[in-house]
Amino acid sequence: MTRAQLEHAIRAACSIAGDSELWIFGSQAILGQFPDAPEALRESAECDVTPKNRPEAADKIDGALGELSQFHQTYGFYVHGLSLEAATLPDGWKDRTNKIQNSNTKQYAGHCVEAHDLAASKLVAFRDKDREFVRILLMKDLIHADTLAGRVESLPCSPEERARLTEWIKRTAED
């Protein structure tokens with residue numbers, strides 16, 4: 001996905017949801033902070049969102065713009081309308097989002113999860129593709145291991161899980 005496609009997704013999703021703002025919390029949220037993010041971070045064809053003021057409209061977005069929809073077939077990417085509960089995010093994440101709002105979004109706003117918060121969320125899932133995403137962020141110096149470890153400490157998960165994730169960050173940053 002490109003930044004222009006993300007802006008299109010914001011415009012379309014806000015229009016469908018009847019909301020002027022979205023939370024963007026999947027991997028493509030990286031484009032809010034890094035519009036020219038490395039291609040390896042932009043491989044996903046989906047954008048995970050929920051309407052900020054009308055979260056109940058997430059299903060409408062998914063139905064109209066989701067995977068295998070006419071929108072997906074036409075534009076080659078899709079918008080996955082989800083509940084925020086689908087993501088595990090660090091405390092205070094809403095205050096650190098990067099806002100995309102411009103003429104390409106028709107002044108609708110997409111609030112993209114900040115890179116360290118996104119990485120912490122990806123580590124909770126701990127799938128191979130998520131660890132690779134975080135590894136690339138670290139290797140390209142787009143995030144810092146110490147800041148990421150701090151965000152992991154504020155995740156709503158068990159102390160054992162936080163310790164495991166912190167150890168993974170330390171090992172990966174040393175490589």
Quiz item: What about Glu67, is it part of a helix (DSSP H, G or I), at negative phi, over 14 Å from the mean Cα position of the chain (by Cα) and surrounded by fewer than 16 Cβ atoms within 10 Å (Cβ to Cβ)?
Solution: no
Quiz prompt | Residue that is farthest from Glu85 (Cα to Cα), among those in segment 151-172 that are surrounded by 14 or more Cβ atoms within 10 Å (Cβ to Cβ) and free of Cβ contacts under 8 Å to residues at least 12 places away in the same chain | solution = Arg164
Practice problem: Taking the residues in segment 81-132 that are polar (S, T, N, Q) and either more than 25 Å from Leu68 (Cα to Cα) or within 11 Å of the chain's Cα centre (by Cα) (or both) as candidates, determine which candidate is surrounded by the most Cβ atoms within 10 Å (Cβ to Cβ). | Solution: Ser121
Quiz item: Do we find that Asp175 is modelled with pLDDT under 95 and within 23 Å of Ala40 (Cβ to Cβ) in this structure?
Solution: yes
Quiz item: Quick check: is even one residue across segment 85-106 aromatic (Phe, Trp, Tyr), within 25 Å of Ala12 (Cβ to Cβ) and in a loop (DSSP other than H, G, I, E, B)?
Solution: no
Quiz prompt | Residue ID - farthest from His80 (Cα to Cα), chosen from residues in segment 14-50 that are more than 15 Å from the chain's Cα centre (by Cα) and part of a helix (DSSP H, G or I) | solution = Glu39
Quiz item: Just checking, which of Arg127, Arg54, Arg96 is modelled with pLDDT of 95 or more, of a type outside the set (Asp, Glu) and in the same structural domain as Leu155 (by TED's automatic domain parsing)?
Solution: Arg127
Quiz item: Between residues in segment 56-84 that are closer than 15 Å to Glu21 by Cα and touching a residue at least 12 places away in the same chain (Cβ under 8 Å) and residues that are part of a helix (DSSP H, G or I) and of a type in the set (Lys, Arg), which pairs lie under 8 Å by C-beta distance while being six or more apart or on different chains?
Solution: Gly81/Lys60
Quiz item: Restricting attention to segment 107-121, which residues are under 28 Å from Ala145 (Cα atoms) and either of a type in the set (Val, Ile, Thr) or part of a strand (DSSP E or B) (or both)?
Solution: Gly110, His111, Cys112, Val113
Quiz item: Residues in segment 8-24: is at least one surrounded by fewer than 14 Cβ atoms within 10 Å (Cβ to Cβ) and more than 17 Å from Asp117 (Cα to Cα)?
Solution: yes
Exercise. Exactly one condition in (1) under 10 Å from Ala17 (Cβ atoms); (2) buried (at least 21 other Cβ atoms within 10 Å of the Cβ) is not met by Asp48; state its number.
Key: (1)
Quiz item: Looking at Ala163, Ala86, Ala109, which one is at pLDDT below 95 and of a type in the set (Gly, Ala, Ser)?
Solution: Ala86
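The values are calculated or read from the model by the stated rules, or taken from the named source; none is laboratory data. Note that this is a predicted model, so its numbers are computed, not measured. Neighbour counts are summed over all protein chains in view; Cβ atoms, including those assigned to glycine, are modelled from backbone coordinates with ideal geometry.
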